[in-house]
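Student: So that we are looking at the same thing, I have put the structure below in structure tokens.
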């Protein structure tokens, strides 16, 4: 069978949208055999599924399968054949029937006596998600179809979901839901979630995954971006958009328009109509800073006349000069590199960044805030929301007094480097540099007197106490405004050097 024919053949297989009892029976089967993310990772000897490389003994094509967990991994994670006799022995005949009732397991007329998983059904943290297969059951590879539903266990999807808040909201919208994983994970904190996707295949897989999870407060709708929810508004909107530059837009799960930002831009353009006051928008993507126009500026342009009513936070995981990105692209994707080069040159792209964007709609009584930071180890939704919450807080009336009354403490991962030079025969400190390697990463130079102020931050003394101590010690002049000192705390907290209590 040719690669194209194989792709078409396996692309015809879809999970059945089952009854509540069929889904319950399937959940019991998977749970009873420990088919969960942590167990699968442990069996494969890896910390994250996307790090998988080589099957351990018992899971390869010709190896005997001896445990129910191994049977499920082989059939649904690796997508390989399993003899029906072994399947019924390990999963029971009733269990095999449960899987067949949802069209998750099927016989292959070309190989009598064997069954195969019709889809990739792979655990992710907190859920099971069905997506499209990437190989035939004999292990042979074939290319993805343009509307293929991409697996949810890759690092970028996990980062997107981990950065969605675990706080209550009344209504949530996920654009481009694909497997529905983000909606499933957010369901405990939302009154109701609407999840849309332009691809009918994604809608089918997402609806199946929602049913398999036993979730009743998620509605999956087919349509382009906001079209299926026209006239509605939401407290929370999220999108993990495709962001690869492309002229033909062939792959729905990958291609983000000519410069890679079209789908994200359309999501932002819809916020004035669909995001409620005090609502928030979350995204993880790749985007660009351009000559004379940083990403924040383009976001505000896309928001249109209402842009002053929004706060924008950007937290980068990676930021690469365009020359470095081009060198990497040429090495890894020689075919597309010339096109990317032309696009980035035409747009005067200076750097490419990958990370999170959080947009908050405020009530309009003040100008919108912009903040940018760099993610570090363990960065998650709490740090993302906390960063913007702090920026909003320091823009409220009476913020200077609030800052002075804060009781800051030095953040974990904060390091200080002091440089000395020879002055009149003695080594004398002349420059200090802080480096923060916590959930937020930053590096900044500091005058020596500010070092003394930071040293005294133990979570007990107020920032006003630090100001008064520095004045008393003669390190800052008594006429120095307390309000000016107060606002120094903003950058120290935003950069992650201090935590404000």
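The values are calculated or read from the model by the stated rules, or taken from the named source; none is laboratory data. All of these numbers come straight from a predicted model, not from anything done at the bench. Every residue, glycine among them, receives a Cβ derived from its backbone with ideal geometry; neighbour counts consider all protein chains shown.
Student: Just to be sure I understand, how many residues within region 398-445 are buried (at least 18 other Cβ atoms within 10 Å of the Cβ), touching a strand residue (DSSP E or B) at 6+ places or on another chain (Cβ under 6 Å) and closer than 16 Å to residue 496 by Cβ?
Tutor: 8
Student: Do we find a residue being part of a strand (DSSP E or B) and modelled with pLDDT of 90 or more anywhere in region 400-411?
Tutor: For region 400-411, residues part of a strand (DSSP E or B) and modelled with pLDDT of 90 or more: present.
Student: Evaluate the following for residue 234: is it farther than 28 Å from residue 46 by Cβ and buried (at least 21 other Cβ atoms within 10 Å of the Cβ)? Break it down stepwise before answering.
Tutor: Numbers: farther than 28 Å from residue 46 by Cβ: yes; buried (at least 21 other Cβ atoms within 10 Å of the Cβ): yes.
For residue 234, the condition - farther than 28 Å from residue 46 by Cβ and buried (at least 21 other Cβ atoms within 10 Å of the Cβ) - is met.
To keep it simple, each residue is scored yes or no on (1) surrounded by fewer than 18 Cβ atoms within 10 Å (Cβ to Cβ); (2) within 21 Å of residue 199 (Cβ to Cβ); (3) modelled with pLDDT of 90 or more.
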| residue | (1), (2), (3) |
| --- | --- |
| 125 | yes, no, yes |
| 136 | no, no, no |
| 143 | yes, yes, no |
| 155 | yes, no, yes |
| 160 | no, yes, yes |
| 164 | no, no, yes |
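Let's see how each residue does on (1) farther than 30 Å from residue 357 by Cβ; (2) outside any strand (DSSP E or B):
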| residue | (1), (2) |
| --- | --- |
| 379 | no, yes |
| 382 | no, yes |
| 388 | no, yes |
| 397 | no, yes |
| 417 | yes, no |
| 422 | yes, no |
| 427 | yes, no |
| 431 | yes, no |
| 436 | no, no |
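Student: Just for helices (runs of 4 or more DSSP H) wholly inside region 64-136: which have at least 1 residues that are in the same structural domain as residue 50 (by TED's automatic domain parsing) and without any contact (Cβ under 8 Å) to a residue 12 or more places away in the chain?
Tutor: The helices (runs of 4 or more DSSP H) meeting that bar are 84-91, 93-101.
Student: Mind telling me which of the residues 377, 394, 371, 357 ends up being crowded, with 17+ Cβ neighbours inside 10 Å and farther than 20 Å from residue 282 by Cβ?
Tutor: 394
Student: Hey, any hits in region 92-99 for a residue that's in contact with a helix residue (DSSP H, G or I) (Cβ under 8 Å, 6 or more places away or on another chain) and within 28 Å of residue 254 (Cα to Cα)? Steps first, please.
Tutor: Of region 92-99, the ones in contact with a helix residue (DSSP H, G or I) (Cβ under 8 Å, 6 or more places away or on another chain) are 95-96, 98-99.
Subsequent filtering for residues that are within 28 Å of residue 254 (Cα to Cα) retains none.
There is no residue in region 92-99 that is in contact with a helix residue (DSSP H, G or I) (Cβ under 8 Å, 6 or more places away or on another chain) and within 28 Å of residue 254 (Cα to Cα).
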